[in-house]
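The values are calculated or read from the model by the stated rules, or taken from the named source; none is laboratory data. Computed from a predicted model, the values in this text were never measured in an experiment. Ideal geometry is used to build each Cβ from the backbone, glycine not excepted, and the neighbour counts take in all protein chains shown. What goes into the accessible areas is simple: the full protein's heavy atoms, side chains included, and nothing from ligands, DNA or RNA. Shrake-Rupley method; radii C 1.70, N 1.55, O 1.52, S 1.80 Å.
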Amino acid sequence: MSDYTAIFEVGESIVNMLRDRMVPEPIAKKEHIGLCEPQSPEDFQLTVWIYNIEMVKDTGARAGFQPDPENPAQERFSPMQLRLQLLVSAHSKAPAIQKYADEYRIIGRALQALRDVPSIPQEFLAGSLANAAEPVLIEIKKLESEELSRIWNNSNKTVKPSFAVTVSQVYIRSERVRTAAPRVASAEFNTVPRKDAARK
């Protein structure tokens with residue numbers, strides 16, 4: 001089960017996958033892809049930024065206390081399920097004549113890389129996410145122009161070619177535990193003949 005670090009690890013896992021799929025073409029170095037707000041990309045050519053975190057209400061079998069697989073003597077409260085929204089943006093420091101061509105190539109390859117998989121492949125999962133019982137799902141999300149403007153917060157920076165990704169089935173384990181009820185080891189049954197049965 002993922003720990004409180006799961007939110008950061010989702011970002012790292014997406015970065016790991018993009019570094020694998022986008023280096024050396026169209027981005028020359030892995031260090032040019034990373035977690036960063038799009039308004040201040042520093043030396044990054046592709047930034048991944050988690051801009052929204054939603055808690056998903058769990059009403060299924062996971063809700064409430066469940067046996068703790070790590071300690072049979074206790075029960076652990078159901079994990080918190082999250083849905084994350086990420087913004088992926090392309091940046092280029094090339095001269096104007098080359099800049100936009102670079103950014104469109106970069107964003108196109110990022111779209112292709114993330115569109116081709118329904119979940120983050122196991123080899124790219126970072127930290128405690130690697131122990132997740134269920135796949136961490138990814139989906140390219142429709143991003144309205146108003147939402148994009150809100151993300152960029154009306155800054156004086158030029159809005160870069162960007163798209164949004166929804167990451168779901170992200171769980172953070174609870175630290176709320178209780179002693180498990182003792183299991184029934186044996187049972188005794190006493191039978192008493194019914195009076196009407198005796199008359200027969």
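Ranked by the mean number of other Cβ atoms within 10 Å of their residues, highest first, the peptides 120-126, 142-148, 23-29, 8-14 come out as 8-14, 120-126, 23-29, 142-148. The residues of segment 108-160 have, on average, 64 Å² of accessible surface per residue, using a 1.4 Å probe with all protein chains present. Taking every full run of DSSP H in the chain, the ones that stretch at least 24 Å from end to end by Cα along their long axis and average -0.5 or higher on the Kyte-Doolittle scale are 96-115.
Applying 1/(1 + (r/R0)^6) with R0 = 22 Å to the Cβ-Cβ distance of Ala180 and Ala130, what FRET efficiency is obtained, to the nearest 0.05? Calculated value: 0.20. Think of it as helices only: each DSSP H run of n ≥ 4 in the chain is worth -39500 (n - 2.57), and spread over all residues that comes to -8000 deg cm²/dmol at 222 nm. The dipole here belongs to segment 17-83: it is taken about the Cα centre, uses +1 on the Cβ of Lys and Arg and -1 on the Cβ of Asp and Glu, and is about 200 debye. At a 1.4 Å probe, what is the % contribution of carbon and sulfur to the accessible area of the chain? After summing per-atom areas, the C and S share lands at 51 percent. Shape annotation for segment 1-111: C-alpha extents along the principal axes are 65, 23, 21 Å, from largest to smallest. With a cut-off of 15 Å between beta carbons, the residues surrounding Arg115 carry a summed charge of +2, where Lys and Arg count +1 and Asp and Glu -1.
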